[in-house]
Amino acid sequence: MTDDRTHRIAVRDLTLAYGQTRVLDALTLPIAPGKITVLAGPNGCGKSTLLRAIRRLLKGTAGQVLLDDVDIAKMSGKDLALKIGLLAQNPSAPGDMSVEELVRLGRYPHQTMMQPWSPRDAEAVERAMAGTGVAELRTRPISSLSGGQLQRVWIALVLAQETDVICLDEPVNHLDIAHQLECLDLVARLNREHGRTIVLVLHDLNLAARYADELVFVREGRIAARGTPTELMSASLIGEVFGVHATIITDPVHGSPVCIPASRSSAPKAAAEKVAEAV
Amino acid sequence: MTSIGASAPVSSFPRAPVVLVAMLGLFVLLSLCGVAFGSTWIPLEEVAKVIAGFGEKTQNLIVLQLRLPRVVAAILSGGAIAVAGYLLQKVTRNELASPGVLGVVDGAALGVVIFLAALSNESNALVTSIAFQPLAAAVGGLCAIALVFALAGNQATSAVRLLLFGIAVAAVAKALTMVMMLIGPIYRTTQAARWIAGAVNEVNWSEIQVTFVALVPLLAITLLIARRLPPADLDEVSAQSVGLNVPVARLLIFALAAALTAVGVAFVGGVGFIGLMAPHLARMLLGRGVHVGLIGSFLIGAMMLVAADLLVRVLFSPIEVPAGTVTAILGAPYFLYLLMRKQSYDG
Amino acid sequence: MKPRTAALAWPVSATYAGLAVVLVVVMAMSLTLGYRIYSLDQVYRALFAFDGTDTSVIIANLRLPRAVVAPMVGAALGIAGVLVQTLSRNRIASPDTLGLNAGASLFVVMASSVLGVSSLMGLSFAAALGALGAALLVFGIAATAGGLSPLRIVLIGVTFAGLGHSVVEVVLTTNEAQMQQLLFWLSGAFVDRPLALAANGAPFMIVGGLVALVLSRALDALQADDSTAASLGVPLFIVRGAAFLSVSLLTGASVAMAGPVGFVGLVVPHAARWLVGLRHSRQIVAAALIGAIYATAADVAARFVIYPIEAPVGAVTAVVGGAMLLILLKRRAA
């Protein structure tokens, strides 16, 4: 596979606006190659927009996104599709499409007019389905799948695309806790075993802290902070970015930082401090 | 689905009676104009004279035999369809509902065509009284709307889905009407063809009599049950809990609306979109009061059809373009506007 | 209909072959069955050994054009239906429910009565233009209103179709001289269509069908949402534009040839998907074959439903299509 060549992505001074509203404001962010980068921030901060801009689904009004020092605005759509994959936030496809048919779509950028479907394509689809554990579901219509299974099928599609960089926009939305973990473990494995660069948008700070190599806080279209989860998960920073009082403790099992937000109404600050001491 | 209230002003409309009186004045004026305009202009005072019974002979003929029937027919039909639309919008809590889109009109057309085909003898004469034609239309219309709701089942709560069921039923009814028209001889084809377009120009006094006799009791019942209608604005559970027997009320109102539509279109034909627009305008001008809303809908619907008929007479004379095409051309963009404005009906 | 999945029980080519056989049978029925029933032998003589008898004249001049026009129109509308359903991601969309037929009819009437166009080619062109205009209008409205739901788009299309018909009615009633000729275009039937019409429409249909086939892989990806399709490298704007062009050519040519034959484009794609799955390269071929069979069979059925009078084929397809629409709505397919 493509373990040894990883593409470097850098966002430079990117400004992006919907009409008059500026969503990204001269944002600069290098993405660590071969690592898992998690974008987090309050609703409407621009993190999903940033992710979509990295894949050129949105175009900035100023600034660039560089892929190996080349402005992606200058690349062909197909070239880009071979290098960066993206799993959209609420992807959809016809309910009677079979799992295999859906995963096959991931090979779209690899095919040409002259060579429609090659054994390589078939292998990639098989690998993607095996890697996500959906091979035995291949003939099932996607409408018959559970939420967790469906999400794995969509990941299989992105995987079949065989891009070095994979962007996922809130992939664990609407999943129960077991499937959230299953899905993110899968993503982490892709990163570890295949050296893929992963860029994730996650809402749950604690999941973000557990899976991220690099955590990025986005706020009002700018990077508020970036660093390792341990560096970023501090009560003061979370208060600054999300506007909530929180207590940070260390997960006794995984060792990652855990954020316990205080309820705004009853704010039992003393109790929270007590918990912090106990841990 | 809870957002209908947002579309109409919430104030209690203290001006409603004034507006209603003004509307009545406009209605009378427009009706007189409807009689006055045409191939020859008859001054308004002459029109008044004829109606009061002091007119000259030629003017008597023109006014009483040619002009007045189509104006009266337009008033009764437009009003009846508008009231039916008001009831349907109320009970479905859906401002996109109207007799046309719920299949009532096409169902009624099918009823009439079957009636004409089944009850004519060899020489094309009806073996029964023409007075039964509205009844046939009512049965057809009622069957269509019943079919729409039976098929929609629990999907009937989604406005957009309900309308699509209506459209599908209407399409089938329309196709069957076409086939029925073909089976019959030419006489019945022309009789039935008037249906498709919706024209008031060929209605005669005996048909108006039938319409009038059927319409008065229906409107009376409507006004009587109007008192029970306000909770229909609420969702089903809330309406039940304030004491409206929702299933019974719904059934009654659908039957009433189907009957009103059927009578309205029995001789005039499918007049598009009046049942959609008139209730809206009534709500906008008069607020949510049920009685003023019903009376206002009737007046506005009547005015719309009289005006549409007047328009085709002035614009296209001497060719008789059906008034229904004018209401459709005006109504369709309005419907599109409603569709695009409201996002809350999706389902 | 129960959707089939990727694993088909038999090779697709067998399915195509089976459909082709059925098509030949239905076309043979179209030539032989009707008010009078002819033998295959008589048909053969009329077509290949013309002897000038009344029977031969009737078969060659009346039956043959219908047996050619009906499958062409059916195939074109079937493909157009597949494209429209994929473009709108909506299984109840079709050239008629989106108002494309009405747009084509309107332009034919306008071109004829306002511009005085009378050549078959000119009217075909007007029809294609009208279908394109309607498609752009409906999708434009949907886009500017900010991602309307599929159901809402269909309602807009249906309303627009009603509006188009009203305008057509006005034009027809004010232009009595041309009414006869125009009613011929608008009746939605395969009766009395000269073979020259088929020859004129064929290039439009072939180009439209080929464009659809070329696009088939991009259309596969377009079945998923826009973000997914774009991130797979599908040039959305170009693909959509080309697909619209293809739909307009196909619908316009069909309307020009046979008038608005309702609901063919709604019914056929469902049958195609059921037989060969969702891959467009297969769906398009299957839809063309099934559409051809369906339209020809409906044309034959129309001769018998109210025998001895002939029903308009549009009425037959409308009843079937309306029922199909009800079933689809009932099963929440849309």
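The values are calculated or read from the model by the stated rules, or taken from the named source; none is laboratory data. Computed from a predicted structure; not experimentally measured. We place every Cβ from the backbone using ideal geometry, glycine too, and count neighbours over all the protein chains shown.
Looking at the stretch B:22-47, I want the residues that are over 17 Å from B:LEU285 (Cβ atoms) and among the aromatic types (Phe, Trp, Tyr) and have a partner that is exposed (fewer than 12 other Cβ atoms within 10 Å of the Cβ) and at pLDDT below 85 with Cβ atoms under 7 Å, at least 6 apart or on another chain. Which pairs are those?
B:PHE37/B:VAL314
Conditions tested, residue by residue: (1) more than 19 Å from the chain's Cα centre (by Cα); (2) under 10 Å from C:LEU232 (Cα atoms); (3) part of a helix (DSSP H, G or I); (4) within 7 Å of chain C (Cβ to nearest Cβ).
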residue	(1), (2), (3), (4)
A:LEU82	no, yes, yes, no
A:ASP96	yes, no, no, yes
A:GLU101	yes, no, yes, yes
A:ARG107	yes, yes, yes, no
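Determine which single condition B:ILE208 fails, assuming it passes every other condition in (1) at pLDDT 75 or above; (2) closer than 24 Å to B:ALA332 by Cβ.
(2)
Would you mind listing the helices (runs of 4 or more DSSP H) fully within the stretch A:111-201 where at least 1 residues are crowded, with 18+ Cβ neighbours inside 10 Å and either in contact with a His (Cβ under 8 Å, 6 or more places away or on another chain) or outside the structural domain of A:GLU100 (by TED's automatic domain parsing) (or both)?
A:119-132, A:147-160
Hey, C:LEU47 hits all of (1) part of a helix (DSSP H, G or I); (2) in contact (Cβ under 8 Å) with a residue 60 or more places away in the chain; (3) farther than 29 Å from C:ALA272 by Cβ; (4) not charged (D, E, K, R) but one; which does it fall short on?
Of (1) part of a helix (DSSP H, G or I); (2) in contact (Cβ under 8 Å) with a residue 60 or more places away in the chain; (3) farther than 29 Å from C:ALA272 by Cβ; (4) not charged (D, E, K, R), only one is false for C:LEU47: (2).
For the stretch C:199-249, enumerate the residues that are more than 14 Å from every other protein chain (Cβ to nearest Cβ) and among the hydroxyl-bearing types (Ser, Thr, Tyr).
C:SER246, C:SER248 - these are the residues of the stretch C:199-249 that are more than 14 Å from every other protein chain (Cβ to nearest Cβ) and among the hydroxyl-bearing types (Ser, Thr, Tyr).
Consider the stretch A:4-35. How many of its residues are more than 24 Å from A:GLU240 (Cα to Cα) and of a type in the set (Val, Ile, Thr)?
2
Only one of (1) farther than 28 Å from C:TYR16 by Cα; (2) buried (at least 18 other Cβ atoms within 10 Å of the Cβ); (3) among the basic types (Lys, Arg) fails for C:ARG36. Which number is that?
With (1) farther than 28 Å from C:TYR16 by Cα; (2) buried (at least 18 other Cβ atoms within 10 Å of the Cβ); (3) among the basic types (Lys, Arg) applied to C:ARG36, the lone miss is (2).
If you take the residues of the stretch B:154-174 that are at the interface with chain C (Cβ under 8 Å from one of its Cβ atoms) and at pLDDT below 80, which of them is surrounded by the fewest Cβ atoms within 10 Å (Cβ to Cβ)?
My answer is B:GLN155.
Would you be able to say whether some residue in the stretch C:203-218 is buried (at least 20 other Cβ atoms within 10 Å of the Cβ), farther than 23 Å from A:GLU101 by Cα and in contact with a Phe, Trp or Tyr (Cβ under 9 Å, 6 or more places away or on another chain)?
yes
Quick check on my filter: what residues within the stretch A:231-249 are among the hydroxyl-bearing types (Ser, Thr, Tyr) and surrounded by fewer than 18 Cβ atoms within 10 Å (Cβ to Cβ)?
Of the residues in the stretch A:231-249, the ones among the hydroxyl-bearing types (Ser, Thr, Tyr) are A:234, A:236, A:247.
Listed by number, the residues that qualify are A:SER234, A:SER236.
Can you name the residue in the stretch B:259-287 that is assigned to a loop (DSSP other than H, G, I, E, B) and buried (at least 24 other Cβ atoms within 10 Å of the Cβ) and is also nearest to the other protein chains (Cβ to nearest Cβ) among such residues?
B:GLY272
Quick check on the stretch C:282-300. Is at least one of its residues within 14 Å of chain B (Cβ to nearest Cβ) and not in a helix (DSSP H, G or I)? Show your work before the answer.
Here is the first cut: in the stretch C:282-300, the residues within 14 Å of chain B (Cβ to nearest Cβ) are C:298.
When the remaining residues are screened for being not in a helix (DSSP H, G or I), the result is none.
Checked the stretch C:282-300: no residue is within 14 Å of chain B (Cβ to nearest Cβ) and not in a helix (DSSP H, G or I).
Which pairs turn up if I take residues in the stretch B:317-333 that are more than 8 Å from chain C (Cβ to nearest Cβ) and look for partners that are surrounded by 24 or more Cβ atoms within 10 Å (Cβ to Cβ) and of a type in the set (Phe, Trp, Tyr) with beta carbon separation below 8 Å, at least 6 apart in sequence or on another chain?
B:THR327/B:PHE273; B:LEU330/B:PHE273; B:GLY331/B:PHE273
Which members of the stretch A:44-80 meet the condition of being within 22 Å of A:ALA17 (Cα to Cα), hydroxyl-bearing (Ser, Thr, Tyr) and within 14 Å of chain C (Cβ to nearest Cβ)?
Across the stretch A:44-80, the qualifying residues are A:SER48, A:THR49.
Residues to consider are C:GLY252, C:GLY265, C:GLY241; find the one that is assigned to a helix (DSSP H, G or I), of a type outside the set (Asp, Glu) and in contact with a Phe, Trp or Tyr (Cβ under 7 Å, 6 or more places away or on another chain).
C:GLY252
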